[in-house]
1. Which net charge results when you count Lys and Arg as +1 and Asp and Glu as -1 among the other residues whose beta-carbon is under 13 Å from that of N257?
2. What do you get when you divide the Cα radius of gyration of region 7-258 by 2.2 N^0.38 Å, with N the number of residues?
3. Rank the residues L95, L85, L221 as a footprinting-exposure proxy: fewest other Cβ atoms within 10 Å of their Cβ go first.
4. If amide H atoms are built 1.01 Å from N in the plane of the peptide, which residues on other chains or at least 5 residues away come under 5 Å of the amide H of A102?
5. What does the charge count around R121 come to, taking other residues whose C-beta lies under 14 Å from its C-beta (Lys +1, Arg +1, Asp -1, Glu -1)?
6. Please compute the modelled spin-label separation between S189 and H226, points set 7 Å along Cα→Cβ, answer in nm with one decimal.
7. Tell me which residues come under 5 Å, amide H to amide H, from I37 once H is placed; ignore anything under 5 positions away on its chain.
8. For Q27 and Q258 in the same chain, what is the full-extension length gain: residue separation times 0.36 nm, less their Cα-Cα distance, in nm?
Amino acid sequence: MNNLSGIGIWIWKIAQCENGNWDSIIQKCIDHDIKWIAVKIGEHTRDVQWTKEFAVVAIEKCHNAGLKILGWNYSRPSSYEQEILLLSDCISDGLDGICVDAEIEWQQDPNAYTKADHFMRTLRDNVGNDIFIAHAPFPIVSYHQSFPYAVFGKYVDAVFPQSYWTELKWTVDKTISMTDSNFNQFNTSHSEAAKPVWPIGVSYGQGYPGISEPLTKEDILTFLNHYKGLPISFYSYDASANFPQFWEALKEFKAQNQRVIQPVPTPIPAPTPAPEPSPINIQPQTKPIILDIILKFLSSLFK
């Protein structure tokens, strides 16, 4: 099921986003034309920031503002059975969907394919086919041969590759090209697991712990324009705090798409002149019938 549109943003720790003020988070999203939020709900148990009571209020605020909200968890093969319970329970909060963030642990587990199949099949059975489910794997399929892409792909509605070019130490153009080509090839060769691909971009660069590559407004705009029309997203709201160029790029992209091209006025045609009246054909008056009878009678008397 596909229920997403527009740009999304991911939240890792709510407390690091506008000091945890959900109203401020929503307003900033609206101001920058963000249409959906993916918030971390936990790993195999609920995160302390995502109690059921808090979740219900946050979800209602998002929905009232016209935003959709997904929940995501960090997944491990060692805890997938508890994760099924967590994700199923969080759907009952009113979320618009869920995303499984499965990474290196799933690549390293020797029984990953079997566990992934049981995990995702049971999760899908629990929540039903009407609930949106995605997974957020590594972006370059060919670099991660032992990761169970095909198994996760069978049960999800979309794939969110983590196309973080500042993490990869690539240009944004190379990251886009490699992500697109890898998933195009994967979808072609795995028809049963071929799903829409909506990459996640990055909101941070040099200055963020462990990152040496700079983040530029131009890179963000390149990513946005390449995937324009798709529900792509960025990780993360919290990491963007010291990178105003990220928010500036979103604002500029919003302005570009809101410019109204004034339509060329359609010329008003001149009124069609009224047709000339047809001349009245006046027929000569015929003699009255009674006069004709009298004249015939008088004529007969003189014969």
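Coordinate-derived values only; no laboratory data. Everything quoted here is computed from the prediction, not taken from an experiment. No Cβ is skipped: glycine too gets one built from the backbone with ideal geometry, and neighbour counts run over all protein chains shown.
1. Counting the neighbours of N257, the net charge comes to +3.
2. 0.97
3. Least crowded to most crowded, the residues run L85, L221, L95.
4. Hits under the 5 Å cutoff: S75, A136.
5. -2
6. Taking the simple label geometry, H226 and S189 are separated by 2.2 nm.
7. I9, K68, I69, L70
8. Numbers: separation 231, 0.36 × 231 = 83.16 nm, distance 1.82 nm.
Gain in length upon complete extension: 81.3 nm.
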